[in-house]
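A short worksheet on the structure shown next.
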Amino acid sequence: MIYLDNAATSYPKPDKVLEEMLRCMKYYCANPGRGSHKMSLESGRAILNARQIISSFFNIKNPMNIVFTKNATEAINIAITGVLKPGDHVVTTCMEHNSVIRPLKLMEKANNVEVSIIKGNEFGEIDAEDIKKAIKKNTKLIVSTLSSNVNGIIMPVKEIGTIAHNKGILYLIDGSQGAGSFKIDVNELNVDMLAFPGHKGLLGPQGTGGLYIREGIKVCPIMTGGTGSNSESFAQPEIYPDVHESGTLNTPGIVGLACGIEFINSVGIEEINKQKHKLIKKIYEGIIQLKNVNVYSRVEKTKNSGIVAFNFNGILSSEISYIFDKVYNIACRSGLHCSPLSHETLKTIKTGAVRISVGFFNTEKEIEILLNSIREISENINKCLFK
Ligand SMILES: Cc1ncc(COP(=O)(O)O)c(C=O)c1O
């Protein structure tokens, strides 16, 4: 199969990820932080090593300020529900995933939190000035994605970070799309909290993710329980990362995630970005001239994190992804991609969109096969050859 659904989860993973996960499961997968025997200490060291690798990757000073989660959604939920109180105001954008919008809408309904959603242009590009204009006295938090999971558009995160910093407002970035192909420096970007999945661009396994929380921010935990620390107390420890890490960690997954990031470091993030953009440009240029195709992504390297979203005129996106799968053995995603607001913005709420999302391991040959299949579909769509 030609796998072009990397925005959902990356595939394949570097060999080292699989090898180290297997080695962990075979030789040292005891419970980290829960015992003083050699194997527990070894898995504890592996977790610490992963924290260190992740912290230098995002230029985070203290590795203990990284909290491991099972995915980006959990990280975003910890951040949003952990800092907002009744009466607070939040500013976010029209290109967010439901993992941001749903917790915000829940807080709006149940906790009297006020939510402002900033609109973008026809590609969902946001003007940071519009975010600034929406700030009120009670604005506690700005949340934005780094890049859209629907069309790959990149948000002006540096400008938003500066605005938030100057106004003393917390800034949470959802780094789900872009972490692993763009340099994210939490200090340079003035990010207070960064949520990231381990299983997408960071090339780790599913079931991994994390949240960076800047030192000094009070984030109430959404879950309490065993941490292996302060066990004599009924109260959740306040020390990091224990406060947000109740229960046994996904040691093999976290070990795999660390190897995914080491792979990215060994190739170079700029190289990964270059390779992905080369493929995106090829796809874009191959389909933009087709008469019956509408493209919703931009092609510029600074405006696309690795996605081309498109539709054939008047055809449901799900029909096209079905044809890709059944006739051409190509994996991509259609529908609303858990982001209805983005589709309202792109005016594709009724059809959804076909989403091609490339990864570092995709090849030009695969893209040629994709383009040939798109041309074939384009020529035959009215003859209903595939129905
Ligand atoms: C922009 C964005 N945010 C959040 C998520 C949720 O990520 P996860 O599945 O790791 O919870 C996704 C997943 O596709 C995403 O694309």
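What follows draws every value from the coordinates through simple rules; no lab data is involved. Keep in mind that this is a model prediction, so the values were computed, not measured. We place every Cβ from the backbone using ideal geometry, glycine too, and count neighbours over all the protein chains shown.
Listed cross-link partners K183/K281; K13/K301; K303/K350; K85/K136 are compared with a 22 Å cut-off, the Cα-Cα value being larger for K13/K301; K303/K350.
Separation of the stretch 303-343 and the stretch 65-125, taken as the distance between their Cα centroids, equals 25 angstrom. Within straight-line reach of K26, meaning a Cα separation under 16 Å, sit the following lysines at least 8 residues removed in sequence or on another chain: K16, K38. The calculated FRET efficiency for N112 paired with A235, based on their beta-carbon distance and R0 = 30 Å, is about 0.65. Extension gain, E129-K85: 0.36 nm per intervening residue step, less the Cα-Cα distance, totals 13.3 nm. The trypsin sites (Lys or Arg not before Pro) of the stretch 163-231 that meet both conditions, a loop assignment by DSSP and at most 12 other Cβ atoms within 10 Å of the site Cβ, are K218. Between L106, G207, S40, the Cα set farthest toward the positive side of the dipole of the chain (charges on each charged residue's Cβ, about the Cα centre) is that of L106. Taking the longest Cα principal axis of the chain as reference, the axis of helix 98-111 is set at about 60 degrees.
Taking Cα atoms, how many degrees apart are the long axis of helix 364-380 and the longest axis of the chain, rounded to 10 and kept between 0 and 90? Rounded to the nearest ten degrees, it is 50. Here r is the Cβ-Cβ distance between K326 and K301 and R0 is 41 Å; the resulting FRET efficiency, rounded to 0.05, is 0.80.
Taking each of K132/K218; K70/K347; K105/K326; K133/K274 in turn, the alpha-carbon distance tops 26 angstrom for K70/K347; K105/K326; K133/K274.
Which of rounded, prolate or oblate describes the stretch 157-221 when judged by the alpha-carbon gyration tensor and an a/c cut-off of 1.5?
Oblate.
The slack in the chain from M39 to K136, taken as 0.36 nm per residue of separation less the alpha-carbon distance, amounts to 29.7 nm. With the cut-off at 1.5 for a/c, could you classify the chain from its C-alpha gyration tensor as rounded, prolate or oblate? Here the chain falls in the oblate category. Annotation for the stretch 305-385: trypsin sites (Lys or Arg not before Pro) lying in DSSP loop with at most 12 further Cβ atoms inside 10 Å of their Cβ are K347, K350. Sorted ascending by nearby beta carbons within 10 Å, beginning with the fewest, T363, T302 become T302, T363. Computed over the stretch 268-383, the Cα gyration tensor eigenvalues convert (square root of 5λ each) into semi-axes of 22, 18, 13 Å, ordered from largest to smallest.
Taking only DSSP H segments of four or more residues, each worth -39500 (n - 2.57), what value at 222 nm results for the chain once the sum is divided by all its residues, to the nearest 500 deg cm²/dmol?
Per the formula, -12000 deg cm²/dmol.
Within the stretch 181-195, what residues put their amide N at less than 17 Å from the label point 7 Å along the Cα-to-Cβ vector of K61? Output list for this probe position: 185-194.
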